[in-house]
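Coordinate-derived values only; no laboratory data. Everything numeric in this text was worked out from a predicted model, so none of it was measured.
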Amino acid sequence: MKVVLLLGYSGSGKTYAISCFARALKRQGKVVGVLKRIHARNFSIDPRGKDTRTFAKSGATTIVAASPVQIVTIEKIHSDQINIKRILDTFRGKGTDYLFVEGWHSKFEGLHGIKRVLCVSHVRELRNLMKQHPRTLFIIARFASLKNRKVSQSYQVPVLLLPKDLKRALSLIS
């Protein structure tokens with residue numbers, strides 16, 4: 001399974017890039033997974049008043065909700081219990097060919113074979129992110145003005161635009 005971290009500030013195009021990659025890879029017959037980090041501590045997929053919340057409050061730590069079209073697994077944990085290797089094993093068990101991860105770079109430090117892609121809207125974002133993530137595979141720029149030879153040469157990584165450079169981006173993550 002190929003794991004690709006998409007890193008960038010809010011509004012930099014991470015979700016758009018993942019959507020482009022997922023559509024193209026699905027057309028190729030690949031199984032695509034996405035791991036999305038949600039920063040809000042009060043986020044819950046089982047809202048107040050729903051049975052899943054009632055089950056969790058009663059003491060269940062794992063709740064599976066199934067409908068005719070989807071299955072959702074809810075595990076109640078403390079934030080320090082997040083185990084990335086276990087999450088990766090879940091995706092592997094489902095035959096995932098490509099896993100795109102939005103955020104969570106710190107949890108992936110030290111894991112080998114992880115590819116990092118930066119998504120940027122402005123050059124000032126690029127400078128900050130390249131300092132934090134020097135092992136970047138390529139950069140996805142939101143605007144054509146960022147895609148120029150000077151920027152690409154400065155950081156010694158390709159600067160790509162989507163959807164124009166989608167084939168090249170896919171070849172780099174393959």
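Considering only DSSP beta bridges whose two residues both sit in the chain, what percent are antiparallel, to the nearest 5? Given both bridge residues lie in the chain, the antiparallel proportion sits at roughly 20 percent.
Of ALA66, ALA24, ALA141, the residue with the greatest mean-square motion in the GNM of the chain, using alpha carbon springs below 10 Å, is ALA66. Of PHE55, PHE108, PHE91, the residue with the greatest mean-square motion in the GNM of the chain, using alpha carbon springs below 10 Å, is PHE55. Comparing LYS107, LYS115, LYS50 in a Gaussian network model of the chain where C-alpha atoms under 10 Å apart are linked, the largest mean-square fluctuation is found at LYS50. When the alpha-carbon atoms of the chain are used, the pair Rg, Dmax equals 18.2, 59 angstrom.
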